[in-house]
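These notes are about the structure you will find just below.
Taken together, the values in this text are just the output of simple stated rules run on the coordinates, not laboratory data. Because the structure is predicted, anything quoted here is derived from the model rather than measured. No Cβ is skipped: glycine too gets one built from the backbone with ideal geometry, and neighbour counts run over all protein chains shown.
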């Protein structure tokens, strides 16, 4: 409703503006007629009231300057012809210039080009006719110099304004497109950040809590107090680790950078022994083949964290889907890549998972430019990630 009201207000404003322009043209032309400084060539013998009447018709047609500028220009040729018969006068030529200006500026782009072409050709033809018919060539040049500006200047001015308007509209369209692209980029960044947060929360909650649940179940079935105490100790360590990592994530989300606890560092592959001990406490038989310790080149933090999370998720899946089976963790660092393989035997009955863990591992590997594969092998299940170290 407000847009309709604003559009109506703009239309009323334009109409009022056109009326004031028409009134200004008529009053100014009347002053020129009454003071006698209106002739272009000769004063002629026509009475002033007749010239003012012709001017009134010419100015009345200017009310069509926005709504139908081409029609107004075509009809303006009638009073222009009458003024030429009476003796060409400046007020009529000035009003004609406004008709040309409006026809080029407010009509369609194609019509504006046609009007501009006709005006230029008309000026050239008029120049040739004046030089041909007028005996005195100096007088012919004076006629052309006196009349041509009333045609050429309005057309040139309107064409320039129209070109600037087209450029401004193009810039506005580009700005709107850039704003749209920026909004899409922002939404994509938000979606990527939400996916990363979901991946981190899944790794922390699902990894630790799954280990806690399985280890608790194992502890309930152990008769030896020492073994049960060892399993419960690992349960507590997993609980503390989960709380610490959750607190770190929540603090990072709440803080603006000044309140982040820098003493809490993300887990790395040198803490792999904790994952292995936790899996063994849950009943898995885990073999580790790690050549990383022999490498003198430290791993980048992103690669180190991604490898740890992938190993954690792979072992957690092995504990859930193949309890009591044998598993193997192999880490090799060579030729600028880190290769991580986690394999496990298949138990007699395996539970079908949701696939969120596999998706999380794949996203972590791809996020740092690596590759990931997971699937059945002849003797069980293999998870393999190749991560670039450079």
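When the Cα gyration tensor is reduced to axis lengths a ≥ b ≥ c, the ratio a/c is 1.5 or higher for the stretch 42-128, and with a/b not above b/c it is classed as oblate.
I need 37, 161, 92 ordered by Cβ neighbour count within 10 Å, fewest first.
Ranking 37, 161, 92 by Cβ neighbours within 10 Å, fewest first, gives 37, 161, 92.
Arrange the following residues from fewest to most other Cβ atoms within 10 Å of their Cβ: 145, 389. Don't jump to the answer; show the numbers that get you there.
On the way: 145 10, 389 18.
Listed from fewest to most nearby Cβ atoms, that is 145, 389.
State whether the stretch 2-178 is rounded, prolate or oblate according to the following rule on the C-alpha gyration tensor (a ≥ b ≥ c being the square roots of its eigenvalues): a/c under 1.5 gives rounded; otherwise a/b larger than b/c gives prolate, and the remaining case gives oblate. Note, shape of the stretch 2-178 comes out oblate. In terms of other Cβ atoms within 10 Å, 241, 175, 373, 360 run from fewest to most in the order 175, 373, 241, 360.
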